[in-house]
Amino acid sequence: MEIIKTEHEQSLQERKPSLLGMIWKPAEQFAAIRDKPVFWLPILVLMVLFTISAVMQMNGMDITSQMSKEELALMNEDDLAMLNTIAMITGIISGPFIPLISVLISAAVYLLAAKIAKKEVTFKQLLSMSTFILFISAIGSLLNGILALTIGNGNYLYPYTSIAGMLGKDNAVLGTIE
């Protein structure tokens, strides 16, 4: 017996998932990921977005605000300039690798959970899903970078978009909730 698919079902199978679609219609994107998982272009986009946000956050960060008075007393202006340069280079170098490592680790954890639950899912589907989910974090990271540049005195421990950043609290738990 042949199953007749509706136009909507056929269009969902033919559609590729969209990063911007994760904002407006995430359920549709997850359905598209299940049928046609894509990874390379979205991860390249995320690598660029995270690198840009890292550079903006490093430019907006006041490293001296993270140092004790004793540490500041030991450093001259050349040392502080060198420290700022090292922070910028670190941001540029680590920016592209953060999303790649995050996606690989989360996909591996999801695969382990799927195997324990005895669910039929491929690593490529989970990798694609992890990539598309990370896009939401990339938006938050870009927003933090923009705020760090415009407001300045950025605190790299508690981003502006976290509850701790919004409330001005020094709390690790609140710092992880955006």
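Values in this text are rule-based calculations from the coordinates and carry no lab data. The structure displayed is predicted, hence computed values, not measured ones. Glycine also receives a Cβ, built like all others from the backbone with ideal geometry; neighbour counts cover every protein chain displayed.
Computed extension length for LYS36-LEU142: 35.4 nm, one decimal, from 0.36 nm per residue of separation with the Cα-Cα distance subtracted. Each residue of the stretch 163-178 was assigned a 3J(HN,Hα) from its phi angle through the Karplus curve 6.51 cos²θ - 1.76 cosθ + 1.60 (θ = phi - 60°); the sequence is 4, 4, x, 6, 8, x, 9, 9, 9, 5, 5, 5, x, 9, 9, 10 Hz, with glycine and proline shown as x.
Note on the chain: Lys pairs 8 or more places apart or on different chains, Cα atoms under 20 Å apart, count 9. From the alpha carbon centroid of the stretch 105-120 to that of the stretch 30-68 is 24 Å. Taking only the C-alpha atoms of the chain, the Rg (one decimal) and the largest Cα-Cα distance, Dmax (whole number), read 20.6, 81 Å. Taking 0.36 nm per residue of separation and subtracting the current Cα-Cα distance, fully stretching the chain between ALA172 and THR122 would add 14.5 nm. Annotation for the stretch 49-121: trypsin sites (Lys or Arg not before Pro) lying in DSSP loop with at most 16 further Cβ atoms inside 10 Å of their Cβ are LYS118, LYS119. In a DSSP loop and with at most 15 other Cβ atoms within 10 Å, the GluC sites (Glu not before Pro) in the stretch 71-139 are GLU120. For the chain, the dipole from Cβ point charges (+1 on Lys and Arg, -1 on Asp and Glu) about the Cα centre works out to 820 debye, to the nearest 20.
Got a sec? Which residues in the stretch 32-66 would a label at GLU77 touch, if it sits 7 Å along Cα→Cβ and we count backbone N under 17 Å? 63-64, by backbone N distance to the label point. Note on ALA27 and VAL109: their simple-model spin labels are 2.6 nm apart, each label 7 Å out from Cα toward Cβ.
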